[in-house]
Amino acid sequence: MYGEGRLIDPNKLAHIFVSPRKRAGRTWEIFVEEGGLNDSAKVERTEDIREWEYGDYEGKLTKEIRVLRKERGLDKEKEWDIWRDGCEGGESPKDVETRLDDLIGRIKAIQNPVLEKGGSGDVVVVAHGHILRAFVKRWLQCRLDYPLSMMLEPGGVGGLSYEHGSIEQPAVMIGMSYPSTK
């Protein structure tokens, strides 16, 4: 999956953004240990890709949050949905959109000059479940409450790109091929 000539090729990496949270940091360490990635000058730990701040809902399951909100007199017409309602004492969807849009702007600023020259300036983002799903939605220029169901495997790799090599046409890569190990 990573290494020279693989999906994540160290020779093509322009930048790596890593959440400052421990789990993401450990995932990055495994990448380095097993994939031979060691260019620390390209690695940036940033709060922009930290997990969604759950506030009062930290450590609670969705069903527990819904019960709690009903007890507080909330959600009389619709059940709670993080993508629409956010988290009491934590982040709103707008808060998350704003910080992800800033990060996406930075990624485009890194990639645009490389794409204009026909090169490859891959960016890796190492983070967490909710925030990565939110990241994909914002990459595609969707609001967070847009009904786009996604599943992410822990430690899995997803691919985002641009249609026709145009920075103005963000896309999700589906059906990535694994290069030969020969």
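All of the numbers you see were taken from the coordinates with simple rules; none came from a lab. Predicted, not measured: the structure shown is a model, and the values here were computed from it. When we count neighbours, we look across all protein chains shown, and the Cβ atoms used for this are built from the backbone with ideal geometry, even at glycine.
List of remarks:
- Close amide H contacts of residue 160 (hydrogens built in the peptide plane, cut-off under 5 Å, sequence separation of 5 or more or a different chain): 173.
- Nearest 10 degrees, 0 to 90: helix 62-71 Cα axis against the chain principal axis: 30
- With Cα atoms, 0 to 90° folded angle of helix 129-139 axis to the chain main axis: 70
- Among the GluC sites (Glu not before Pro) within region 112-172, those in coil by DSSP and having at most 12 neighbouring Cβ atoms inside 10 Å are 168.
- Residues with amide H under 5 Å from that of residue 44, placed H, sequence gap 5 or more: 16, 17, 18
- Restricting the trypsin sites (Lys or Arg not before Pro) of region 39-93 to loop positions (DSSP other than H, G, I, E, B) with no more than 10 neighbouring Cβ atoms within 10 Å leaves 72, 76, 78.
- Trypsin sites (Lys or Arg not before Pro) restricted to region 100-149 and DSSP loop, no more than 10 other C-beta within 10 Å: 117
- Rounded to the nearest 10 degrees, the inclination of helix 93-116 to the longest alpha-carbon principal axis of the chain is 10 degrees.
- Of 108/137; 78/108; 78/137; 76/137; 22/60, those spanning more than 25 Å from alpha-carbon to alpha-carbon: 78/108; 76/137
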